[in-house]
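Comments concern the structure below.
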Amino acid sequence: MKSSLFKASLVIPAAALMSSSNTPVRKEKPDILFIAVDDLRPELGCYGSPHVISPNIDRLARMGVVFNNAYCQSAVCNPSRASLMTGLRPDSLKVWDLKTDMRSVAPNVMTLPQYLMQNGYFTTAVGKIYHNIFPDSLSWSEPEMHIKGFPFDPDAVYFSDENLAQIEKRKREIIANHNEAKFIDRLGEWYVKAKATECADVPDNAYYDGAQTDYAVKKLRELREIRKGKEGGKPFFFAVGFYRPHLPFNAPKKYWDLYDRAKIPLADNPYLPANVPSMAISNNQELRGYIDCKQLPTALNGAVSEDTARLLRHGYYASVSYMDAQVGRLLDALEKEGLLDNTIIVLWGDHGWKLGEHRSWAKMTNFEIDTRSPLIISAPGRKANGKSTSRLVEFVDIFPSLCELAGVPVPPGLAGKSTVPLLDNPRAPWKPAAYSQYLREGGWRGPDGITYMGYTVRTEQFRYVEWYNW
């Protein structure tokens, strides 16, 4: 049974999105830096965390508006990103899982960068914007950039002797079983997971996020020149997608050294909710895919040890600080190139993440800890810059927000509402609820083996969840 909780939005063909609205068009459109962060929960200095070291995202927060109650539409990568980038809810788009290519079910859907490109923007990207195995060529003015020397999915890159030895051992096992095809990617690179953490004394660009930031800094210089082209050039939409703090928690040693593991707090609610049904709980499968975590219990069967919990939280925080340093380099580059004063900057995490809360790890539930996500919008000249808002917003609101800020017509059929009024008045009257959903399927099913769809509505005071056989 499918719930009628959500009022569906239509999947609008690309041509239909070219209709006009009353949105005024400014003479000089702003540039847009669009920063996506994988698995980033709203545990940062600008969100009130006393222990996470995030000076550069905090700096961005002082330049813009922090959304304290922003909610993704599905707490897993592919549907969350597809929903955000199209402004449509998962049920409308029909992307609910990790294996569905958005274009296979909605070939004519218009994405945010695709729409901006048709309205005069030069759109380009590096890193993880959509789900990394499903690039979308229709969104970009030029092919998406992938940094050479890294696997197609560059999250599991290791340098420590211990991890490299584990990878070589695993490769021998795979070859002995004639199973190489499953572990060699489209670039001809091996993709093999080792441990869930790594503290290696390497430079930032040894891992992918640092290497792609090297590229992004140079790209901003190139985009400045495009901006200065004939007849005023084109404004740019530059999407930069960071992989950290996604597992494995691999970050250069200097970021691990920022934290004293003994002082890192553990989850303040490491308990299963009373009488919680099994389909509401994630089974820790993502974490248990790493060699040192294979024997960890599922959330229904027990908690991890305190030592393991502290190690994992240490790794997550180190990864956040590593990613934060790359954000700082982008902000510095914007300033150096003279672009900062006319650039809208959006930073978002695709969903929340559990670090032992509800006796669980990773995402993939309808709990608050997984659906609530960081969102910061810095738009030059807005009255509320430097403040925060506690109004309920959804990731489907980002598409219309950027259209309005860019001075292009907001297309019909989007599920969201422009947040621009909140950029001037954080206490403006706003929507009464935010909606999310999660499909419990495949290897993420509970002990009963049944596939469920869960729908949740979040108001200012309450969260309500329903689960259905799917």
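Brief remarks on what is shown
- Check on Ala384, in a loop (DSSP other than H, G, I, E, B), crowded, with 21+ Cβ neighbours inside 10 Å, at pLDDT 95 or above and of a type in the set (Gly, Ala, Ser): no
- When residues of segment 427-470 are limited to those that are touching a Leu at 6+ places or on another chain (Cβ under 7 Å) and among the basic types (Lys, Arg), the one modelled with the highest pLDDT: Arg458
- Qualifying residue in segment 193-205 (condition: over 30 Å from Thr451 (Cα atoms), assigned to a loop (DSSP other than H, G, I, E, B), among the hydroxyl-bearing types (Ser, Thr, Tyr) and at pLDDT 95 or above): no
- Listing of helices (runs of 4 or more DSSP H) fully contained in segment 17-135 that carry 3 or more residues being within 28 Å of Gly328 (Cα to Cα), of a type outside the set (Phe, Trp, Tyr) and touching a residue at least 60 places away in the same chain (Cβ under 8 Å): 55-63, 77-86, 112-118
One line per residue, one yes/no per condition, for (1) at positive phi; (2) touching a residue at least 40 places away in the same chain (Cβ under 8 Å); (3) in a helix (DSSP H, G or I); (4) of a type in the set (Phe, Trp, Tyr):
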position	(1), (2), (3), (4)
Ser418	no, no, no, no
Leu423	no, yes, yes, no
Pro429	no, no, no, no
Tyr435	no, yes, no, yes
Gly443	no, yes, yes, no
Val457	no, yes, no, no
Glu466	no, yes, no, no
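- The set of residues from segment 422-470 being hydrophobic (A, V, I, L, M, F, W, C) and over 25 Å from the mean Cα position of the chain (by Cα) comprises Ala428, Ile450, Trp470.
- Annotation for segment 358-372: no member residue is over 20 Å from the mean Cα position of the chain (by Cα) and under 19 Å from Ile32 (Cα atoms).
- For segment 83-119, taking the residues that are within 17 Å of the chain's Cα centre (by Cα) and of a type in the set (Ser, Thr, Tyr), the one that is surrounded by the fewest Cβ atoms within 10 Å (Cβ to Cβ) is identified as Thr111.
- Conditions (1) at pLDDT 95 or above; (2) within 19 Å of the chain's Cα centre (by Cα); (3) buried (at least 20 other Cβ atoms within 10 Å of the Cβ); number of the one not met by Asp155: (1)
- Residues in segment 158-173 that are over 31 Å from the mean Cα position of the chain (by Cα) and basic (Lys, Arg) were compared, and the one that is surrounded by the most Cβ atoms within 10 Å (Cβ to Cβ) is Lys169.
- For segment 221-253, a tally of residues being free of Cβ contacts under 8 Å to residues at least 40 places away in the same chain and assigned to a helix (DSSP H, G or I) returns 4.
- Total residues in segment 353-374 satisfying the condition of being more than 15 Å from Ser436 (Cβ to Cβ) and in contact with a Gly (Cβ under 7 Å, 6 or more places away or on another chain): the figure is 1.
- One residue alone among Lys218, Lys182, Lys193 is out of contact with any Asp or Glu (no Cβ under 6 Å at 6 or more places or on another chain) and touching a residue at least 24 places away in the same chain (Cβ under 8 Å), and that residue is Lys193.
- Residues located in segment 133-144, provided they are under 18 Å from the mean Cα position of the chain (by Cα) and surrounded by fewer than 16 Cβ atoms within 10 Å (Cβ to Cβ): Ile133
- Identity of the residue in segment 174-211, touching a strand residue (DSSP E or B) at 6+ places or on another chain (Cβ under 8 Å) and loosely packed, with under 13 Cβ neighbours inside 10 Å, that ends up nearest to Val327 (Cα to Cα): Pro203
- Some residue of segment 323-338 being in a loop (DSSP other than H, G, I, E, B) and either at pLDDT 95 or above or not charged (D, E, K, R) (or both): yes
The values are calculated or read from the model by the stated rules, or taken from the named source; none is laboratory data. This structure is a prediction, so every number in the text was calculated from the model and none was measured. Virtual Cβ from ideal backbone geometry, glycine too; neighbours counted across all protein chains shown.
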